[in-house]
Amino acid sequence: QVQLVESGGGLVQAGGSLRLSCAVSRTLFSINAMGWYRQAPGKQRELVAAITTGGSMAYGDSVNGRFTISRDNAKNTVYLQMSSLKPDDTDVYYCNANRGPIGTMLVNGYWGQGTQVTVSS
């Protein structure tokens, strides 16, 4: 069974920073794309950032320039450094791991349980 263990969410003031981590268990191998999506109540899940084994990256328009994604392939772990946080960034953030490309993560990827990020004004 695939396990994605997320950590790092919490409450932060606007303008602050948080770092999310997601470790993918060794039971899942041949992972290519790893990343983060977020979802607010009543809205669709949207891409925050993703990165492939080869280092290709994709960012959502609303976070580009403020968030940085990275990964440690040896540890099967992906990180999301979030800076200049805004109240609009308040959401549940979900880790995703996919054997295919970034473009198929939403449909085919494995999901973590989600971690709450709350940004106060």
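The values are calculated or read from the model by the stated rules, or taken from the named source; none is laboratory data. A quick note: this is a predicted structure, and the numbers were derived from the prediction, not measured. All Cβ positions, glycine included, derive from the backbone under ideal geometry; neighbour counts span all protein chains shown. Only protein heavy atoms, including side chains, enter the accessible area calculation; ligands, DNA and RNA are left aside. Shrake-Rupley method; radii C 1.70, N 1.55, O 1.52, S 1.80 Å.
Within the stretch 44-60, is there a residue that is farther than 16 Å from Ala97 by Cα and at pLDDT 95 or above?
Checking the stretch 44-60: at least one residue is farther than 16 Å from Ala97 by Cα and at pLDDT 95 or above.
Could you say whether any residue in the stretch 6-25 is under 17 Å from Gln116 (Cβ atoms) and touching a Pro at 6+ places or on another chain (Cβ under 7 Å)?
yes
Among all residue pairs at least 6 apart or on different chains, which show Cβ distances below 7 Å where the first residue, located in the stretch 93-121, is farther than 19 Å from Gln81 by Cβ and the second is at pLDDT 95 or above and open to solvent by 80 Å² or more (accessible area, probe 1.4 Å)?
Ser120/Leu11; Ser120/Gln13
If you scan the stretch 94-121, which residues turn out to be among the hydrophobic types (A, V, I, L, M, F, W, C) and assigned to a helix (DSSP H, G or I)?
Listed by number, the residues that qualify are Ile102, Met105, Leu106, Val107.
Could you please let me know if Asn98 is crowded, with 16+ Cβ neighbours inside 10 Å and touching a helix residue (DSSP H, G or I) at 6+ places or on another chain (Cβ under 7 Å)?
yes
Would you mind stating whether Thr68 is within 19 Å of Gly103 (Cβ to Cβ) and without any contact (Cβ under 8 Å) to a residue 24 or more places away in the chain?
Considered against the rule, which asks whether it is within 19 Å of Gly103 (Cβ to Cβ) and without any contact (Cβ under 8 Å) to a residue 24 or more places away in the chain, Thr68 comes out as no.
So which pairs qualify, if the first residue must be in the stretch 3-25 and more than 18 Å from Asn73 (Cβ to Cβ), the second must be open to solvent by 60 Å² or more (accessible area, probe 1.4 Å) and among the hydroxyl-bearing types (Ser, Thr, Tyr), the Cβ gap must be under 9 Å, and the two must be at least 6 apart or on different chains?
Pairs found: Gln13/Ser121; Ala14/Ser84; Ala14/Ser121; Gly15/Ser84; Gly16/Ser84; Ser17/Ser84.
Gly8 fails exactly one of the following numbered conditions: (1) open to solvent by 30 Å² or more (accessible area, probe 1.4 Å); (2) touching a Ser or Thr at 6+ places or on another chain (Cβ under 8 Å); (3) on the phi < 0 side of the Ramachandran plot. What is the number of that condition?
(3) is the only condition that Gly8 fails.
Among what's in the stretch 39-86 and is closer than 20 Å to Gly15 by Cβ and among the basic types (Lys, Arg), pick the residue that is nearest to the chain's Cα centre (by Cα).
If we take residues in the stretch 39-86 being closer than 20 Å to Gly15 by Cβ and among the basic types (Lys, Arg), then Arg66 is nearest to the chain's Cα centre (by Cα).
Return the total of residues in the stretch 20-32 being surrounded by 20 or more Cβ atoms within 10 Å (Cβ to Cβ) and either touching a Gly at 6+ places or on another chain (Cβ under 7 Å) or on the phi > 0 side of the Ramachandran plot (or both).
Final tally of qualifying residues: 2.
Any chance you could count how many residues in the stretch 35-93 are within 16 Å of Gly109 (Cα to Cα), among the charged types (D, E, K, R), in a strand (DSSP E or B) and open to solvent by 20 Å² or more (accessible area, probe 1.4 Å)?
Within the stretch 35-93, residues that are within 16 Å of Gly109 (Cα to Cα), among the charged types (D, E, K, R), in a strand (DSSP E or B) and open to solvent by 20 Å² or more (accessible area, probe 1.4 Å) number 1.
Determine, yes or no, whether Ser17 is open to solvent by 30 Å² or more (accessible area, probe 1.4 Å) and under 21 Å from Ser121 (Cα atoms).
When the stated conditions are applied, Ser17 passes them.
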